[in-house]
Amino acid sequence: MERLQKILAQANIASRRKSEEIILEGRVKVNGVIVKELGFKVNRSDQIEVDGKPIELAEHLYFLLNKPTGFVSTTSDEKSRKTVLDLLTEEHRDIRLYPVGRLDFDTAGILLLTNDGDFTNRMTHPEHEIEKEYLARVEGIVIRKKIVQLRKGVTIDGDYLAVPKEVRLIELNKDQQSTLISITLTEGRNKQVRKMMEAIGHPVKKLTRIRYDFLTLEGVERGAYRPLKVHEVKKLYANSSSKK
Ligand code: URA
């Protein structure tokens with residue numbers, strides 16, 4: 001259930017503020033009855049009319065994209081670089097989808113796309129503690145002490161103590177002098193993984209997000225995407241509310 005003025009704004013009738021005025025003026029009917037109450041809650045399936053005309057609500061859509069490197073995760077770019085929307089079919093490019101949070105230009109992996117603002121807020125708010133797991137190939141051989149340091153938390157952005165949910169050492173590559181580390185975060189500050197690895201003296205060479213809560217890249221090739229199933233969206237909502 002959502003507030004009537006919010007639904008009107010979503011249907012592009014007017015801004016939320018202006019929609020409130022329209023409601024107070026008695027111009028809105030819900031299932032044939034005039035509603036002048038601002039807090040009135042409606043379902044997206046209710047019949048809503050403004051000045052006698054039914055409103056059209058865009059369906060909420062959710063996709064899981066396997067982002068390749070070399071794409072920005074915004075809907076437009078001032079440097080004219082390719083955006084993740086360039087990976088969508090024409091049909092989906094027209095729906096005004098946008099990314100849920102960000103992945104860097106040089107980061108690959110799971111990126112959710114939607115046209116549902118509430119869902120985006122829910123997923124990106126650190127309070128909801130949605131887990132994001134990254135595989136980071138870093139420069140040099142990472143010794144145990146550094147892993148312990150990373151687990152305890154490292155300072156980034158001058159004064160922010162970034163504490164990961166989990167850190168695992170996956171593989172040491174002596175020939176290439178690199179280390180593969182899995183790191184799980186429940187927040188998403190700008191370039192957080194890169195900054196955390198730099199803080200322990202091992203800059204990231206390659207970064208991939210391999211898990212978003214319970215969602216993985218299984219069955220989705222790099223550059224491809226799939227719709228989320230209804231039960232998957234429900235589970236994301238459920239998992240994000242239980243930790244509030
Ligand atoms: N952390 C980063 O450093 N980059 C990303 O794209 C995501 C998390």
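Using Cα pairs closer than 8 Å and at least 6 residues apart in sequence, work out the relative contact order for the stretch 131-212, in percent. The value is 47 percent. Sparse packing (at most 14 other Cβ atoms within 10 Å of the Cβ) combined with a DSSP loop state is found for the following GluC sites (Glu not before Pro) in the stretch 39-80: E56, E59, E78. Normalising the average separation of contacting C-alpha pairs (under 8 angstrom, six or more residues apart) by the number of residues puts the relative contact order of the chain at 19 percent. Residues M1, M196, sorted by accessible area with the largest first, give M1, M196 [1.4 Å probe; ligands and nucleic acids excluded]. Computed over protein heavy atoms with a 1.4 Å probe, the carbon and sulfur contribution to the accessible area of the chain reaches 47%.
In straight-distance terms, cross-link reach from K234 covers every one of the lysines whose alpha-carbon lies under 19 Å from its own, apart from those fewer than eight places away in the same chain; here that gives K132, K243, K244. Per residue, the chain exposes an accessible area of 55 Å² to a 1.4 Å probe, with every protein chain left in place. For the peptides 128-134, 232-238, 187-193, the ranking by mean Cβ contacts within 10 Å, running from highest to lowest, is 128-134, 187-193, 232-238.
The tail of the calculated P(r) for the chain, taken as Cα-Cα distances beyond 33 Å, holds 32 percent of the pairs. Name the chymotrypsin sites (Phe, Trp or Tyr not before Pro) in the stretch 174-236 that are in a loop by DSSP and that have at most 15 other C-beta atoms within 10 Å, would you? Passing both the DSSP loop test and the Cβ count: F214.
The values are calculated or read from the model by the stated rules, or taken from the named source; none is laboratory data. Keep in mind it's a predicted model, so treat the numbers as computed, not measured. Using ideal geometry, Cβ is built from the backbone for each residue, glycine included, and neighbour counts are taken over all protein chains shown. Only protein heavy atoms, including side chains, enter the accessible area calculation; ligands, DNA and RNA are left aside. Shrake-Rupley method; radii C 1.70, N 1.55, O 1.52, S 1.80 Å.
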